[in-house]
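The values are calculated or read from the model by the stated rules, or taken from the named source; none is laboratory data. The structure displayed is predicted, hence computed values, not measured ones. Note that we place each Cβ from the backbone using ideal geometry, even for glycine, and neighbour counts take in every protein chain shown.
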Amino acid sequence: MSAVILAADDIQVAQNIGFGIIAAIMVIGALKVVTSKNVVHAALSLVLVLSGAAAQYILLGAEFVAVSQILVYVGAVMVLFLFGVMLTRAKLGKETDLDQPKAWLGVPVALLMLGVLAWVLIDGFQDERLPADATSKAAVEISDSVLGPALVPFLALTFVLVAAVIGGIVLARKD
Amino acid sequence: MLAHETAASAGWFLDNAFLIPVIPAVAFAVIILFGKRLPMKGSEVGIVSMVGALVLAVGTTYQWIQRVDAVHGGEGEHAVARGVYGFARGLLPQAAEGGEPYVEPVIRSWVWWQSGGLEFGLGQHIDGLAVMLLLLVTFISTLVQIFSLEYVRGDRRYTHFFASLTLFSAGMLAMVLAENTVQLILGWEIMGLCSFLLIGHWWEEQANSRAALKAFFTVRVGDMGLLVGVAILFGAFGTFSIQETSRIAMDPATSQTVLLWAAIALFIACIGKSGQFPLHTWLPDAMAGPTPVSSLLHSSTMVVAGVFLVARLYPVFYNGFDIAQNGNSLNFIAVIGGITIVIAAGLAFVQNDIKKVLAYSTVSQLGYMMMGLGVGAWTPAVFHIFTHAFFKCALFLCAGSISHTASHHSFDMKKDMGGLLKRMPITSGVWMVSTLALCGVPFFSGFFSKDEIIDNAEHNGYPIFFVIGLIGAFMTTAYMTRATYLTFFGSPRGAAAGEHHHDEAHAEEHELGLATVGHDAPADAHAHADHTAHAAHGHDAHGAHDAHDAHGAHHAKPAFGIAGESPILIAAPIAILGVLAVVSGYINAAPFHIEKFLEWVEPRASEFAPAIDHATFAWSKAMPSIVLVVLGFVVSLAISRSVFGDAPSKLKGLTERNAVLGAGHRFLVNKYYLDALYENVVVKAVAYPIAQAAYWVNQRVLDGVVNAAGAGGRRTGEWLYKYVDQGAIDGLAVNGSGKAARGTGGALRPLQSGKVNQYGALLFGAAAVGALVLVIANI
Amino acid sequence: MLVNNFLLLGAVLFCIGVYGVIARKNAVMVLMSIELILNSVNLNFIAFSTLHGNIDGNTLALFIIGVAAAEVGVGLAMVLLIFRNRKSIALDELSEMKG
């Protein structure tokens, strides 16, 4: 399948190779996230995946999202995760109790989904190319979009964040 | 000659009528944020805001009347109707050719938010209907808030009460001057929320919180109709604007099917909100709220919202149901309205709770309004909103006054009232006047509106509804006579006679010296220990005799003494309403050829409004209803005297002796078994099988799949042991009350056993399979 | 570059995330798997945004990042609460929703 993915043609060899390397890192990292016996290792693998995603965004010309990804995900969310891990489990070493007894159930389901998705995508997009001169999206464009047509979802998001802050405090408060 | 009309302004008040709901909305925020710190706990903010809104509404009314007179004063001044009105969107309709010119409403609109190219506006659509309701709502709200000052004094959620009351008025006002259907939904839903808060104001008592939930859910059932109806209208017409919608609905080219479906959906919303049959069951239960709330909700605001919606989007209903087609059509609105009149009036006969009599009376009168709209009598129906608001609000406040002062917070007419006529002169006087108005006795306000509806029903070719209207008039008089007799005549009973229900309990409390001010547990909230402070007026509903307060200082009455008239803050609003219950009818008194209301409120036939035909009044036509009213009075009085009077009578206990009458009585007492129908049949027939089916699927199919995949009988055996034996038996053991768990929730219980991952697997697996099926189907 | 490169990468990540949600027992690990799923969706959004030269995908991706942050915050607060009450965050031990 990697032959299909990397059906690199004459142009943009560098990007394709870059994509391949990052993608490989991401997939391996993701597999580590879901299989690792060590919670901290899993969290660090997740960092790898998220950083890889940021790199892919840059490849796709979405620098602003990439920077947000690094700031929010790798910076903030991961710290939250590590805190969560440490506050709930003092143990940093291996644990045997991370998986369900019926973990194997996930394999057929995931493979089935992957099969369907891969089929649909390969069938649907064939070898459609991204525009070669994909210019990066300026932050000003995004801000115009966020504060223009997408203003209502944006406001909704702000409400969600406020609710999350309040909810987090209420839930985690000791009394 | 009317050049000033074409200027950019229609008058300051008309242009800025949108401020009317804004004032109470701001006041609501102020009360919520700072109310508790203010000297009067926020009530002053509420009242000031309502007075401010009232002043603006009066100004608006004045300028609207000027505007109408300016147009109609100069016949043929078509130019007037083309006036440019401020920030209107440039809709400049033509006046209808011939007939009286159309008075252009004052429309302003601002973009509230936009999404995906759709703009949602907020604005104002000021026409006669809106002006009338603005005035009505602000006026009644002001009086009710003044009344509440005294009535809920010392309540533990005093500030919240006024906050909800103010927001409630804001919601109604916002809906009344809605420029588009989205704003209409906004106001509608604000009212729904506030009615929930207010009805459940004393939620500590189970019955009250149940009533609040019932009101909320029942109305929600109807609200689905509103959303669907607005969506249909928007989908078909591409606009939210009420004026545009009306114009398109009036357009002969518009598909009648679309209008019909939109009208049905919208009318379902009105059924829920306005307590029409079969969703009227929430309204009497809503009496669990404090009396000022009942009087506000059930006279001028909440429940007339549905009537308002029909009147506002009348072209949709008019053409959708083809109301113009005289008499040949039994249209939905008129049928529902007619059924409601009779059904609700029947129920009013068997109520012992004075507020419930009034509640059913409200339902019945709303039936009149709906029926009026259904038979094409737009103006009489809207006029009935106007007159009904005054006398019904007066009646509710009288009930509150009696309970507050004379009967120890009881509303039971049979147990705790009687003989109050001389003791409470203002209250009883206003009650009498309002009752006469409600019954439609000539020269009181109800006569001018109700009789017009009945008259027009015949005039427009709906003879069936003419008869129903007459039957309703008869029944109205009869049940009101019964209620009046029980309340004011005969000998005082129960609390009205000075008895108190829990004297022993109080004695104990006194001995123990318990200061239970603000205590909320129903059984022991007797705040007697502190006579200077007012106790929680916690529970004035449903035979709750607790929280009886000592009206110490300013009542100048002994704590258990026989009550006199209520204090001024209660009596004054009642008196004002009592006067209005008489005079409000004279705005449009057909017998005296006064038709000001018609002139000011009714939209003239144009591309926005259908032509409304009016019956001409004649005393001869009014005679049947007058005769029936008198007959109802005589019959009911005779029966009431013999049944409830002190003298022995054969009629006493008749329902116990006569099987047929007894069955009828039981049928009425059980509210036609509608509640039982909803709770037992509908809920069981719908929810229970679903729960059962879900249980079955879960047990047999889903788990079966999991296990078959896992393979082997041993596993099945293990599974059975683990889930059925341990799960079920453990569950029973833990519950202790396992017997009761076979209900809906119990059947759904196994669905939520908490096996998150298994359900995740099933969910994703099913999604994948579903996607696969879709893909294959689309190849 | 083929657009399918990114889309298939997204699909792979998504399915790995699904596997994680199903297979993991530890609540924190489940939350991490959900993050994987969200990121794969983001990748798709950005890829389509570039494909169509449209800014909407970027906007949505930002929204998803924001929502994910909120979700993790609340999720972890709940996990902490559960842990404090029960000294365990194993999901199958939380199955007390039996009425």
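General observations
- Output for region C:52-99, where each listed residue is within 14 Å of chain B (Cβ to nearest Cβ), over 30 Å from C:V3 (Cβ atoms) and modelled with pLDDT of 80 or more: C:G75, C:M78, C:V79
- Residue check for A:V65: modelled with pLDDT of 85 or more, facing chain C (nearest Cβ under 7 Å), in contact with a Phe, Trp or Tyr (Cβ under 6 Å, 6 or more places away or on another chain) and part of a helix (DSSP H, G or I): yes
- Test: residue in region B:241-250 that is without any contact (Cβ under 8 Å) to a residue 40 or more places away in the chain and surrounded by fewer than 21 Cβ atoms within 10 Å (Cβ to Cβ): no
- Some residue of region B:360-377 being within 23 Å of B:K596 (Cα to Cα), modelled with pLDDT under 85 and hydrophobic (A, V, I, L, M, F, W, C): yes
- Members of region B:33-45 found to be surrounded by fewer than 18 Cβ atoms within 10 Å (Cβ to Cβ) and part of a helix (DSSP H, G or I), listed by number: B:L33, B:F34, B:K36, B:R37, B:E44
- Only residues that are polar (S, T, N, Q) and either at pLDDT 85 or above or outside any loop (DSSP other than H, G, I, E, B) (or both) were counted across region A:122-144, and they come to 1.
- Tallying residues that are more than 7 Å from chain A (Cβ to nearest Cβ) and surrounded by fewer than 24 Cβ atoms within 10 Å (Cβ to Cβ) within region C:15-29 yields 1.
- Conditions (1) modelled with pLDDT of 85 or more; (2) within 24 Å of B:E179 (Cβ to Cβ); (3) touching a Gly at 6+ places or on another chain (Cβ under 6 Å): number failed by B:T138: (3)
Table: residues versus (1) in a helix (DSSP H, G or I); (2) more than 25 Å from the chain's Cα centre (by Cα); (3) facing another protein chain (nearest Cβ under 7 Å); (4) at pLDDT 80 or above.
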position: A:L87; (1), (2), (3), (4): yes, no, yes, no
position: A:L112; (1), (2), (3), (4): yes, no, yes, yes
position: A:V116; (1), (2), (3), (4): yes, no, yes, yes
position: A:V120; (1), (2), (3), (4): yes, no, yes, yes
position: A:F159; (1), (2), (3), (4): yes, no, no, yes
position: A:V162; (1), (2), (3), (4): yes, no, no, yes
position: A:I166; (1), (2), (3), (4): yes, yes, no, yes
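- A:I21 vs. criteria in contact (Cβ under 8 Å) with a residue 24 or more places away in the chain, over 17 Å from A:L130 (Cα atoms) and assigned to a helix (DSSP H, G or I): no
Listed here are the residues, each with its yes/no results for (1) hydroxyl-bearing (S, T, Y); (2) part of a helix (DSSP H, G or I); (3) within 30 Å of B:R153 (Cβ to Cβ); (4) touching a helix residue (DSSP H, G or I) at 6+ places or on another chain (Cβ under 7 Å).
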site	(1), (2), (3), (4)
B:W203	no, no, yes, yes
B:A211	no, yes, yes, yes
B:F217	no, yes, no, no
B:M224	no, yes, no, no
B:G229	no, yes, no, yes
B:T245	yes, yes, no, yes
B:T254	yes, no, no, yes
B:C270	no, yes, no, yes
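- Scan of region B:350-404 for residues that are polar (S, T, N, Q) and touching an Asp or Glu at 6+ places or on another chain (Cβ under 7 Å), ordered by number: B:N352, B:T379, B:S403
- Taking (1) more than 25 Å from B:S606 (Cβ to Cβ); (2) surrounded by 24 or more Cβ atoms within 10 Å (Cβ to Cβ); (3) out of contact with any Cys (no Cβ under 6 Å at 6 or more places or on another chain) in turn, B:P278 satisfies each apart from (2).
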